[in-house]
1. Which of the numbered conditions does MET157 fail, given that it passes all the others? Conditions: (1) touching a residue at least 40 places away in the same chain (Cβ under 8 Å); (2) within 23 Å of LYS217 (Cα to Cα).
2. Please state which one of PRO134, PRO158 is closer than 18 Å to SER56 by Cα and not hydrophobic (A, V, I, L, M, F, W, C).
3. Enumerate the pairs (first residue in region 223-246 and closer than 28 Å to PHE263 by Cα; second residue anywhere and modelled with pLDDT under 85 and hydrophobic (A, V, I, L, M, F, W, C)) with beta-carbon separation below 7 Å, excluding pairs fewer than 6 apart on the same chain, so at least 6 apart or on different chains.
4. Would you say ASP103 is acidic (Asp, Glu), under 20 Å from LEU20 (Cα atoms) and not assigned by TED's automatic domain parsing to the domain that holds ARG218?
5. So for region 215-226 (the condition being closer than 30 Å to LYS144 by Cα, among the hydroxyl-bearing types (Ser, Thr, Tyr) and modelled with pLDDT of 95 or more), does at least one residue qualify?
6. What are the residues in region 104-141 that are hydroxyl-bearing (Ser, Thr, Tyr) and within 30 Å of ASP211 (Cβ to Cβ), if any?
7. Can you tell me which residue within region 15-29, out of those that are touching an Asp or Glu at 6+ places or on another chain (Cβ under 8 Å) and not in a helix (DSSP H, G or I), is farthest from PRO194 (Cα to Cα)?
8. Being hydroxyl-bearing (Ser, Thr, Tyr) and either under 28 Å from ASN255 (Cα atoms) or in a helix (DSSP H, G or I) (or both) is the filter here, so list the residues in region 197-230 that pass it.
Amino acid sequence: MSKTNRVSVTHHGPIAHVVLTRADKRNALDQDMLEAIADAIAQLSTSPKTRAVVLSGEGQAFCSGLDFMSFAAMLQNPDSMDFMTRSHGDANLFQQVSVGWRDLSMPVITALHGVAFGGGFQIMLGADIRIAAPNTKFSIMEAKWGLVPDMGGMALMPALARQDIVRRLTYTAEVFDASQALEWGFVTELADDPLARATELANQIAARSPDSTGASKRLISDTWVTSRADTLKAESLAQKSVLGQANQMEAVLANFEKRAPNFKD
C-alpha cells in the first residue's frame, strides 16, 4: 500500500483500489491532489500484475471539483498557471488526471457517490466503466466560474454523449442527477453500493486473460472514432497479438476442463 495525504493505492491480489482521501474537503482538487492522482496513475502503469483498478473517493463525495483556495490563487495570478506545457505525453497535469486512466493497460472502474463536479466529473470520464449511487449529482461546473472544461473532458465525452447534450451541460453548468447521467451516457449503471459493484466487476475482469483485456482496451480506444478500414485493420492486429499465446490457450483449456484459468502476468 502506498499513501499520501491525498490519494491511497492498495493492492488486493490483481485488483488495485485507488481512493481519493481528502474527505474533509469532499476530495476537492488542489495542486497536491492533482500530483497525487498523476503519481498513482504512473505507479499503476508499471504494475504488470494489476488486472483492474477501482477508483473511489472517501467521505461524502467522489470529488467536488477544484479546491476553492486553488481557484482563488489562480484568479489572483492567472499568468502563473502553466496550461500549455505538455508534461505528460500529449497532456498537461490537469488533463493527465482524467485521460491518464484511459492510457493504463488495465480497465479502470469508478465508484461514484455524493457529487462529481467540474474536475471530478472529468476525472470519472477517464474510467472504462462508471458505477454511480442513485443519489449522485453531476455537473460540468466550469461555466459557473467563467471557465471552460479543460481537464480532458472534451477528449473523452464524444464517445459517451451526444454533442447537443455536452453543449447544454457545458454552457449551463447545471447540476443533473444519476438517472440523467445514465440516460445521457456518462454513467454505465446505477447501484445502491457502487463500490461493491465496482469491485465485483473488477474481479470478473481480473479472472479473464490480461492479454486479451489489455488488447481489447487498446482496440476500443484506438478505433472508436476512426475509419472502418482502420478499425478492421486494428481488429486484426489486436487479434494477432493474442491468438495462440500462452494466456489465450490457457483460456481455452480452462473452459474445456471446466476449471478456473491460471493466467500469467
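1. (1)
2. On the way: PRO158 fails: closer than 18 Å to SER56 by Cα.
The conditions single out PRO134.
3. Taking only residues 6 or more apart or on different chains, the pairs are THR223/ALA234.
4. yes
5. Pass one, region 215-226, residues closer than 30 Å to LYS144 by Cα: none.
No.
6. SER105, THR110
7. LEU29
8. Once the filter is applied, which keeps residues that are hydroxyl-bearing (Ser, Thr, Tyr) and either under 28 Å from ASN255 (Cα atoms) or in a helix (DSSP H, G or I) (or both), region 197-230 yields THR199, SER209, SER212, THR213, SER216, SER221, THR223.
The values are calculated or read from the model by the stated rules, or taken from the named source; none is laboratory data. Note that the structure is a prediction, hence the values are computed from the model and not measured. Positions of Cβ are generated from backbone atoms using ideal geometry, with glycine treated the same way; all protein chains shown enter the neighbour counts.
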